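Notes follow the structure.
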Amino acid sequence: MSDFSYHAGGSRCRLLTLPRELRDEIYQSVVLPQYAYTDKPFSHHNSKKPVKEYMDARIYMPARTPSNVLATCKQLRHEMLEFVTRLLNSSRPVIDHQSPPKGNVKVTNASGDYSRSDSLFEASIERAKDDGSVRITLKILVPFRGALGSYVPNRDEPSPRFIAFLPLLSRLRRIKFDVWGGWNWWFGPLKRTPEIKAQQKSRFIRTTSDQTDEIQGGQSGSDGGDAISPLLPDPLSHAIAVMTQHMPLLEDVSINIFMHARDYWNLDLPEVKYAGIEGFLSDPIRSSSNKSIRKVYRRVMVCHPFDPNWSVTAFRKSEIFEPAGDGRFCAHTSEGAGVVPDQFEETPVNLPQEPPFTKIHDRAVDANMYPPDATMRN
């Protein structure tokens, strides 16, 4: 390890000989500022070559570890990762809202429009909702528009950038997912064809001597008693499950599902616009050990067409899993729905309030599906 500094008298002082409290003060001064990482350059949609798409479109880090310190020695690497993780897991925001994060950003709306203004505007929308958490942006069935047309790419694995961040991400206790979905996802998953079941017919009364008493069989459609299940699992549930399997310590997950106002009113969706994704809104979010995450908060937000700081929450749901005593566990669930206006003010004055929770209920939870150290954290 190289020398860190010198005293005034010329004697050498090594960093690891200093008390840990002083080293933490030094780490505070060398932590890198916020940065938004994307999986590819902005201009990739002009290329005629096939482009690999990943689940995560971009990763926002409120604070970063300097690579030169991580490569110095094992102890400094461990202490630096521990220090930055403590910053990211704390309730105190570590972000600077005055200056935008560095990095190249690119995101599309549901119609597949890859304009630079839309990309920067959507990045501003995400940034307006930052609370100091690490933020991962997911694209769910969003069309990719290239030189030869548009198609929905297969986003079946995390990006190399996500894998490179695992030494830090695997230590996180809270994280936020920002989601932009395509029309196919908002419309809902494909349904299975009703099962054809054999049905017995009644006996015929014998009228001639050559008839038998054999019961003649037939086929008919489903009797309607069985619910028609989706053909495939919800792609957002699958993407989050793939991400969270690498983060075993997660306790707090926030999910913001964004939708442009023009898509909210122009897409041919049901009257309840988020009816097609109710499967995801009701699906449990579990950790890598298949345990229920302690706190999950989901929102469906309709964005203002001009002001990135102004959006309306169409639906929100909070789930908190807590011990109920005597070895039992309880899930406290609260839901609320807001009203999306037909027209947005061009220059809104006041930010809209979150809709109140109108449905509040508790339910028992299997102890095997809850983290065993929940009592210690409660």
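Of all the residues in the range 129-178, those that are farther than 26 Å from PRO189 by Cβ, surrounded by 21 or more Cβ atoms within 10 Å (Cβ to Cβ) and of a type in the set (Asp, Glu) number 0. A residue that is closer than 18 Å to TYR297 by Cα, modelled with pLDDT of 60 or more and outside any strand (DSSP E or B) occurs somewhere in the range 250-258.
How many residues, within the range 317-343, are under 29 Å from GLY279 (Cα atoms), more than 22 Å from the chain's Cα centre (by Cα) and in a loop (DSSP other than H, G, I, E, B)?
Just the residues of the range 317-343 that are under 29 Å from GLY279 (Cα atoms), to begin with: 317-324, 328-343.
From the residues that got through so far, the ones that are more than 22 Å from the chain's Cα centre (by Cα) too are 322-324, 328-330, 339-343.
After this cut, where a residue has to be in a loop (DSSP other than H, G, I, E, B) as well, the list is 339-343.
Result for the range 317-343: 5.
No other residue among PHE357, PHE321, PHE306, PHE329 is of a type in the set (Phe, Trp, Tyr) and modelled with pLDDT of 90 or more apart from PHE357.
Tell me whether the range 296-311 contains one or more residues that are surrounded by fewer than 16 Cβ atoms within 10 Å (Cβ to Cβ), of a type in the set (D, E, K, R) and out of contact with any strand residue (DSSP E or B) (no Cβ under 8 Å at 6 or more places or on another chain).
Filtering the range 296-311 for residues surrounded by fewer than 16 Cβ atoms within 10 Å (Cβ to Cβ) gives 305-306, 309.
The next check asks that each one be of a type in the set (D, E, K, R); those that pass are none.
Looking for residues that are surrounded by fewer than 16 Cβ atoms within 10 Å (Cβ to Cβ), of a type in the set (D, E, K, R) and out of contact with any strand residue (DSSP E or B) (no Cβ under 8 Å at 6 or more places or on another chain), one finds none in the range 296-311, hence no.
State whether one or more residues within the range 271-280 are crowded, with 17+ Cβ neighbours inside 10 Å, within 16 Å of the chain's Cα centre (by Cα) and either closer than 21 Å to ILE136 by Cα or of a type outside the set (Ser, Thr, Tyr) (or both). Looking through the range 271-280, at least one residue is crowded, with 17+ Cβ neighbours inside 10 Å, within 16 Å of the chain's Cα centre (by Cα) and either closer than 21 Å to ILE136 by Cα or of a type outside the set (Ser, Thr, Tyr) (or both).
Checked against (1) modelled with pLDDT of 65 or more; (2) not in a strand (DSSP E or B), TRP180 passes all but condition (2).
When SER29 is tested against the conditions (1) at pLDDT 85 or above; (2) on the phi > 0 side of the Ramachandran plot, the lone failure is (2). The set of residues in the range 54-72 that are farther than 28 Å from ARG155 by Cα and in contact with a Leu (Cβ under 6 Å, 6 or more places away or on another chain) comprises PRO66, VAL69.
Has the range 230-246 got at least one residue that is modelled with pLDDT under 80, surrounded by fewer than 19 Cβ atoms within 10 Å (Cβ to Cβ) and either small (Gly, Ala, Ser) or touching a strand residue (DSSP E or B) at 6+ places or on another chain (Cβ under 8 Å) (or both)? Can you show your working first?
To start, the set of residues in the range 230-246 that are modelled with pLDDT under 80 comprises 230-233.
After this cut, where a residue has to be surrounded by fewer than 19 Cβ atoms within 10 Å (Cβ to Cβ) as well, the list is 230-233.
Among the residues that remain, those that are also either small (Gly, Ala, Ser) or touching a strand residue (DSSP E or B) at 6+ places or on another chain (Cβ under 8 Å) (or both) are: 230-231.
Within the range 230-246, one or more residues are modelled with pLDDT under 80, surrounded by fewer than 19 Cβ atoms within 10 Å (Cβ to Cβ) and either small (Gly, Ala, Ser) or touching a strand residue (DSSP E or B) at 6+ places or on another chain (Cβ under 8 Å) (or both).
When THR38 is tested against the conditions (1) within 22 Å of PRO160 (Cβ to Cβ); (2) at pLDDT 85 or above, the lone failure is (2). For the condition in a helix (DSSP H, G or I) and farther than 17 Å from ALA337 by Cα, ILE240 qualifies.
I'd like the full set of residues that are assigned to a strand (DSSP E or B) and in contact (Cβ under 8 Å) with a residue 60 or more places away in the chain, limited to the range 307-316. Quick ask: steps written out before the conclusion?
Restricting attention to the range 307-316, the residues satisfying the condition of being assigned to a strand (DSSP E or B) are 311-316.
The one that is assigned to a strand (DSSP E or B) and in contact (Cβ under 8 Å) with a residue 60 or more places away in the chain: SER311.
The values are calculated or read from the model by the stated rules, or taken from the named source; none is laboratory data. This structure is a prediction, so every number in the text was calculated from the model and none was measured. Note that each Cβ is placed from the backbone with ideal geometry, even for glycine, and that neighbours are counted across all protein chains shown.
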